[in-house]
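The values are calculated or read from the model by the stated rules, or taken from the named source; none is laboratory data. These numbers come from a predicted model, not from an experiment. Cβ sites come from the backbone with ideal geometry, for glycine too, and all protein chains shown count toward neighbours.
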Amino acid sequence: MDRIRIRGGNRLVGTIPVSGAKNAALPIMAASLLTSEPVRLENVPRLADIESMLALIGELGATIRRAGSPGEPELEIGVPRVTATEAPYDIVRKMRASVLVLGPLVGRCGRARVSLPGGCAIGTRPIDLHLAGLRRMGANIDLSGGYVEAALPRGGRLHGARHVFPIPSVGATENLMMAAVLARGESELVNAAREPEIVDLADCLVAMGAQIEGAGTDVIHISGRETLGGATHRITADRIEAGTYAIAACITGGELELTGIRPGLLERVFDTLSAAGARIDAAADRVRVTAPDGGLRAVDVVTEPYPGFPTDLQAQLMACMTIADGSSLITETIFENRFMHVSELVRMGADITVRDGSARVNGIHGLAGAPVMATDLRASVSLVLAGLAANGETTINRIYHLDRGYERLVGKLVACGAVIERETDADSVQVA
Ligand code: UD1
């Protein structure tokens, strides 16, 4: 199994082009199931999760053409006919976002059978809100044999409905938005999630002919259409990847310019890093993050739905706080059990105590390299950041998590001065 080896201590200095957002690309690829015409997607990141979604929609009848250049990858997805309506366990177990085909399949075909995603490393993560919403739109939902089966009586069409979410859910908002665009009549999503990836999905659906208003606010209104058409859409930049590298600049005492992003979408993150002493110089499509000369100050953080501090950057910020001056309280409110990185950071010398949903991080002078391993994507990358700042060598195992969500991670870091390489069991290779 591959692993990453890091020799810590180098300041990161340079420019990192930010890739397209995985969490926008995945629902938008699922949305291509809503039309018989081709959907052309630009700025799609090359990641294992994208390949999993391609395999899934391929099973359902999509033909996929890869176009563009290596630096500017594009996908053309055509689903003239949905040939199967089942998302099998083997694909769903690899990637929870597979559940996003549920809304489009029921919307277009009147039925779907999707394996239940089950538990995952960061908590139980149910899909009850997705299912309650489809029920409200007229689908019968059956759970049996580890699968959810959604069907409309006599293969009919979903009808519009008003959904009031008890908590904002990104995936449920996306699934129900995709179901509603082909439903008969009007739908309203109240207390909807406001994440920028939802706005990106709505923009693509509107380009396909859907009628959607209010995406990005907590009330989304959708008027169902009989059919949708093809479209060309550029996937928005990955704000979580950008935030990860912004924190990388801070933890290594470096200076990074992150390009191809909309800094406004990371306002809370940049405010947090500013409070920790970093200098943030934002322009329209880029930002420069400069670590303070005298080291970082500890800051407290609470994860919240957008526009709050993202749970997907909690682990990375915690890595950074392990060497800040003072004591930081990091509170996770979105997912229970999202502190798996703590025990690994402690193995590198960090002083962290977890109580209920909060981690108390007492800053120390320096981390020490160690062999570590992580159980989810963001926890894994937090260990990479810790390794970049640590004295000595860190090896990170189970790096397939990183391949799911960070395009060319090693190459991007090497270009900014990191000493990091990817090793296979057989040999050791430097990836550019
Ligand atoms: C998405 C992101 C993930 C991010 C998360 C929160 C994708 C592919 N993934 O995940 O990276 O960490 O948003 O920003 O975009 N919940 C329920 N019932 C449901 C659905 C959700 O109780 O039916 C709960 C979850 O357990 C969690 C909270 O709602 O506590 C938020 O989850 P949700 O926003 O749905 O996350 P995902 O869409 O799975």
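What pairs come out if I take residues in segment 58-76 that are closer than 28 Å to P88 by Cα and surrounded by fewer than 17 Cβ atoms within 10 Å (Cβ to Cβ) and pair them with residues that are at pLDDT below 95 and aromatic (F, W, Y) whose C-beta lies under 7 Å away, six or more apart or interchain?
Within 7 Å, no pair qualifies.
Could you tell me which of the residues G133, G110 is small (G, A, S) and near the ligand (Cβ under 9 Å from one of its atoms)?
Going through G133, G110 in turn, the sole match is G133.
Tell me which helices (runs of 4 or more DSSP H) are completely within segment 336-432 and hold 1 or more residues being hydroxyl-bearing (S, T, Y), or say none if there are none. Give the derivation first.
Numbers: elements: 340-347, 377-389, 400-405, 409-414.
Fully inside segment 336-432 and qualifying: 340-347, 377-389, 400-405.
Looking at this structure, is S343 among the hydroxyl-bearing types (S, T, Y), under 28 Å from D2 (Cα atoms), within 26 Å of the chain's Cα centre (by Cα) and surrounded by fewer than 24 Cβ atoms within 10 Å (Cβ to Cβ)?
So S343 passes the test.
Within the set of pairs 6+ apart or on separate chains, which have a first residue in segment 26-47 that is within 18 Å of V82 (Cβ to Cβ) and touching a residue at least 60 places away in the same chain (Cβ under 8 Å), a second that is assigned to a helix (DSSP H, G or I) and of a type in the set (F, W, Y), and C-beta atoms under 8 Å apart?
none
Name the single residue, out of those in segment 148-171 being assigned to a strand (DSSP E or B) and within 16 Å of the ligand (Cβ to nearest atom), that is surrounded by the most Cβ atoms within 10 Å (Cβ to Cβ).
Looking at the filtered set, the residue picked out is A150.
Report the residue count in segment 213-227 for those that are under 15 Å from D203 (Cα atoms) and not in a strand (DSSP E or B).
Residues flagged as under 15 Å from D203 (Cα atoms) and not in a strand (DSSP E or B) within segment 213-227 amount to 2.
Going by the structure shown, is E174 touching a Leu at 6+ places or on another chain (Cβ under 6 Å) and either in a helix (DSSP H, G or I) or buried (at least 17 other Cβ atoms within 10 Å of the Cβ) (or both)?
Details: touching a Leu at 6+ places or on another chain (Cβ under 6 Å): yes; either in a helix (DSSP H, G or I) or buried (at least 17 other Cβ atoms within 10 Å of the Cβ) (or both): yes.
Yes, satisfied.
Just to check your reading of the model, which residue among I16, I6 is more than 22 Å from the chain's Cα centre (by Cα), in a strand (DSSP E or B) and modelled with pLDDT of 95 or more?
Working: I16 fails: more than 22 Å from the chain's Cα centre (by Cα).
Checking each option against the conditions leaves just I6.
Name, by its number, the condition in (1) more than 10 Å from the ligand (Cβ to nearest atom); (2) at pLDDT below 95 that does not hold for R338.
Going through (1) more than 10 Å from the ligand (Cβ to nearest atom); (2) at pLDDT below 95 one by one, R338 breaks only (1).
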